[in-house]
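Everything on this sheet refers to the single structure shown next.
Laboratory data are not the source of any read-out in this text; all were calculated from the coordinates shown. Just so it is clear, the structure is predicted and the values come from calculations on it, not from any experiment. Cβ: placed from backbone, ideal geometry, glycine included. Neighbour counts: every protein chain shown.
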Amino acid sequence: MKDFFNIPKPTFSFEIFPPKGPTGLDSIFATVDALASLAPDLISVTYGAGGTSRENTAEIASAIQNSYSIPALAHLTCVGNSFEQMEATLADLHSRGVKNILAMRGDKSGEYALTDFQHASELIKFIKDRYDFKIFAACYPEKHLEAPSMEEDIDHLAEKVANGADVLISQLFFKNDKFYSFRDKAREAGINVPIEAGIMPVTSASQIKRMVGMCGATIPDGLAKIIETYGHNSMAMREAGMAYATAQIVDLLANGVEGIHLYTMNQPDIAKNISESIRGILYSLRVKRG
Ligand code: FAD
């Protein structure tokens with residue numbers, strides 16, 4: 001079994017999301033099969049708003065870790081979890097052999113509220129005080145939507161690292177310069193843990209509108225032109241989106257990024273296309289950096 005923390009950098013990992021409710025596990029395992037054949041360094045499994053996928057996230061992460069022998073990262077949020085529920089969830093993940101947790105606040109929405117934990121940093125401390133999980137935390141190259149300024153957001157990010165975050169994974173972004181500027185500021189603030197770039201291939205015009213609405217990522221002119229030109233044709237848009245994401249990744253790797261985390265949207269063919277395009281590059285960098 002690989003240990004994510006001993007893999008030479010840059011790492012290459014995937015994110016998947018669980019099916020809603022108890023059905024759909026067969027199809028997600030078909031997705032995991034296909035992704036596992038690409039030999040990623042880690043697969044992360046998202047956590048539905050308010051714990052709606054609590055069981056499925058744990059079950060899928062455990063299978064990835066134990067049956068596929070790929071390091072799994074279980075997402076977990078403050079939203080929807082009291083101290084007591086969090087104790088139970090952590091005990092469950094621990095007993096299932098999951099080693100890595102992406103600890104987040106989550107988004108408050110309707111019935112899903114924050115109760116005992118207000119911020120990810122509190123959850124990180126809570127976990128670190130009790131278990132030896134490796135902790136990942138979220139970061140925002142264009143700042144979190146609610147943060148009044150990048151400086152304040154980075155101060156809070158530093159708190160997450162001080163409380164025990166071992167790795168940061170970024171929100172999606174389409175303009176690498178935003179990531180580089182954020183990374184410089186984080187380093188100046190003394191944040192020295194690896195910062196992985198979260199990359200989402202654009203596959204349709206409606207998907208990008210939804211995503212940008214949710215996270216506020218800037219759409220560069222070049223990408224806007226691509227969407228305008230190819231958005232009417234799903235196959236053309238898909239190919240152009242994968243090419244754009246691949247170009248983003250090649251540039252990030254050339255600029256020393258420590259890891260790429262690909263939001264696969266449960267579409268292994270997209271992950272395969274991108275993985276195959278960068279395999280040689282990743283290999284050469286790993287050999288070079290030792
Ligand atoms: P926090 O770190 O708590 O920050 C939230 C806001 O509060 C920021 O504006 C921050 O600056 C501010 N803040 C932090 N600490 C303090 C403080 N002490 N005092 C005042 N302000 C403070 N959501 C899900 O529901 N499920 C998922 O599986 C999921 N996966 C994700 C994966 C990645 C890689 C990313 C980037 C996001 C993911 N999200 C997921 C979304 C995430 O839950 C939201 O972005 C959420 O709004 C913020 O989570 P956080 O952990 O960054 O929160």
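Numbers below:
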| read-out | value |
| --- | --- |
| Cut-off under 5 Å, modelled amide H: who pairs with LEU102 long-range | ALA74, HIS75, LEU76, PHE136 |
| Under 5 Å, built H, 5+ apart or other chain: amide partners of LEU42 | PHE14 |
| Long-range Cα-Cα pairs in the stretch 150-191 (distance over 18 Å), rounded percent | 23 |
| Whole-number Å³ per residue for the convex hull built on Cα positions in the chain | 131 |
| Neighbour-count ranking [beta-carbon atoms within 10 angstrom, fewest first] of LEU114, LEU102 | LEU114, LEU102 |
| Using θ = phi - 60° and Karplus 6.51 cos²θ - 1.76 cosθ + 1.60, couplings along the stretch 244-255 (whole Hz; Gly, Pro as x) | 5, 5, 4, 5, 4, 5, 4, 5, 4, 5, 5, 9 |
| Charge dipole of the chain about the Cα centre (unit charges at C-beta), most positive-ward option of THR218, ALA137, ALA162 | THR218 |
| Helix-derived mean residue ellipticity, 222 nm - over the chain, DSSP H n ≥ 4, -39500 (n - 2.57), to 500 | -15500 deg cm²/dmol |
| Extension gain, MET265 back to ASP116 (0.36 nm per residue minus Cα-Cα distance, nm) | 50.6 nm |
| Chain lengthening between VAL212 and GLU87 when straightened (0.36 nm per residue, less Cα-Cα) | 41.6 nm |
| Estimated distance in nm for a label pair at THR229 and ALA34, the labels positioned 7 Å out from Cα along Cα-to-Cβ | 2.8 |
| Built amide H within the under 5 Å cut-off of CYS139, gap 5+ | ILE169, SER170, GLN171 |
| Length released on extending from LYS108 to SER284, taking residue separation times 0.36 nm less the Cα-Cα span | 59.1 nm |
| Sum of side-chain charges, GLU142 neighbourhood, beta-carbon under 15 Å (Lys, Arg +1; Asp, Glu -1) | -1 |
| In nm, spacing of pseudo-spin labels at SER277 and ASP251 (7 Å Cα→C-beta vector) | 1.3 |
